[in-house]
Amino acid sequence: SCVGVDELETPSAICEMCEAQEIRYVHQMTHPDYHGVLGVGCVCAEHMEDDYVGPRERERRVRSEAQRRRNWLRRKWRISAAGNVFLNTDGLNIAVYQKGGGWSGRIMERASLKSVESRRIYPSIDTAKLGMFDGMIFLKAKGWGT
């Protein structure tokens, strides 16, 4: 079974199953007959799971998320009445603001008004925005937003 998919910057790893294919998206696979985790490519993940849809879908989601993260800072962030930088996306209101000599943020689900504030202080507005992106992905996996 798959325990996660990691994206490398470039195709720079070798599949640990076939030991031939150079891979960029590494499916972390476990198997009852093998102790440990194997980093394999999509095709070998398909064979290991005997599933020719799931691994491609996982990889598609990771590719999409990576592209979205790369574009995150280029999005049109607005300024609230309180002077905070914010973005409304995916049913969430994401805000970043100065705090404790750095930057922090908050993610609020617009429908329920549930919110979570970052405990971290980031060194710059951009690192805070990227931290909020990671938080958004985490919360969406838990069912927040649309």
| List pairs: first in region 114-139 and more than 17 Å from Lys99 (Cα to Cα), second modelled with pLDDT of 95 or more and among the aromatic types (Phe, Trp, Tyr), Cβ under 7 Å, 6+ apart or cross-chain? | Phe133/Trp72
| For region 44-65, which residues satisfy the criterion of being within 15 Å of Met17 (Cβ to Cβ) and part of a loop (DSSP other than H, G, I, E, B)? | Asp50, Asp51
| task | Just name the residue that is modelled with the lowest pLDDT out of those in region 38-65 that are open to solvent by 40 Å² or more (accessible area, probe 1.4 Å) and acidic (Asp, Glu). | result | Glu65
| Unique match (being open to solvent by less than 80 Å² (accessible area, probe 1.4 Å), more than 28 Å from Gln28 (Cβ to Cβ) and assigned to a loop (DSSP other than H, G, I, E, B)) among Gly83, Gly105 | Gly83
| Candidate set from region 112-126 (those that are over 18 Å from Phe138 (Cβ atoms) and among the hydrophobic types (A, V, I, L, M, F, W, C)); member that is least open to solvent (accessible area, probe 1.4 Å) | Ile125
| message | It is to be established whether one or more residues within region 15-36 are farther than 29 Å from Phe133 by Cα and among the aliphatic types (A, V, I, L, M). | response | yes
| request: Please go through region 1-28 and pick out each residue that is under 20 Å from Asp51 (Cβ atoms), open to solvent by 90 Å² or more (accessible area, probe 1.4 Å) and either β-branched (Val, Ile, Thr) or part of a strand (DSSP E or B) (or both). | output: Val3
| Just wondering, is there one or more residues in region 66-75 that are buried (at least 18 other Cβ atoms within 10 Å of the Cβ) and either modelled with pLDDT under 95 or in a strand (DSSP E or B) (or both)? | no
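The values are calculated or read from the model by the stated rules, or taken from the named source; none is laboratory data. Only a predicted model underlies this, so the values are computations on that prediction, with no experimental measurement involved. A quick note on method: Cβ atoms are made from the backbone with ideal geometry, for glycine too, and the neighbour counts reach across all protein chains shown. Surface accessibility is based on the protein's heavy atoms, side chains included, excluding ligands, DNA and RNA. Shrake-Rupley method; radii C 1.70, N 1.55, O 1.52, S 1.80 Å.
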